[in-house]
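The values are calculated or read from the model by the stated rules, or taken from the named source; none is laboratory data. For clarity, every value in this text was computed on a predicted model and none was experimentally measured. Neighbour counts run over all protein chains shown; Cβ positions are idealised from the backbone, glycine included. To get the accessible areas, we keep the full protein, side chains included, count just its heavy atoms, and leave off ligands, DNA and RNA. Shrake-Rupley method; radii C 1.70, N 1.55, O 1.52, S 1.80 Å.
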Amino acid sequence: QVQFVESGGGVVQAGGSLRLSCAASGSTFSARTIGWYRQAPGKQRELVATISARSSTNYADSVKGRFTISRDNAKRTVYLQMNVLKPEDTAVYLCNFPLTLAPWGQGTQVTVSS
């Protein structure tokens, strides 16, 4: 059973930065593409960034140039460095394997004040 534990969220002013972490257990990690999602109140869950087993990355247009996804396979952890945060980045951030979704973790709340 895969388990994800997300952390690193908080309240930050617009223009600030946060670094999120997601630790995965119970499944093969290094060979799988993993991604960060976010869900804002009243909106659909959005895939914002992915990183493949070979560390190829992709980003949603809304975060391109501001967010950076990375992974540490030895720690079974994926990170999301978020810079130049905007109020519209406010959401719960979660991680998962986009090609074969596993049960969702609790996520970590990011709130950006203007």
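A few notes on this one:
- Against the conditions (1) under 15 Å from A14 (Cα atoms); (2) over 13 Å from the mean Cα position of the chain (by Cα); (3) acidic (D, E), D89 satisfies every one except (2).
- Filter pass, R71 being surrounded by 16 or more Cβ atoms within 10 Å (Cβ to Cβ) and either among the charged types (D, E, K, R) or touching a Cys at 6+ places or on another chain (Cβ under 7 Å) (or both): yes
- Only one of the numbered conditions (1) of a type outside the set (S, T, N, Q); (2) open to solvent by less than 20 Å² (accessible area, probe 1.4 Å); (3) modelled with pLDDT of 95 or more is violated by K64, and that is (2).
- Meets criteria (within 19 Å of Q106 (Cα to Cα), of a type in the set (D, E, K, R) and open to solvent by 50 Å² or more (accessible area, probe 1.4 Å)) for E6: no
- Some residue of the stretch 12-19 being of a type in the set (G, A, S) and within 11 Å of the chain's Cα centre (by Cα): no
- For S7, the conditions (1) in contact with a Pro (Cβ under 8 Å, 6 or more places away or on another chain); (2) in contact (Cβ under 8 Å) with a residue 60 or more places away in the chain are fulfilled apart from (1).
- Residue check, S70 within 12 Å of the chain's Cα centre (by Cα) and over 19 Å from Q109 (Cα atoms): yes
- Where a residue in the stretch 62-87 is free of Cβ contacts under 8 Å to residues at least 60 places away in the same chain and its partner, wherever it lies, is in a helix (DSSP H, G or I), with Cβ under 8 Å and at least six apart: S62/E88; V63/D89
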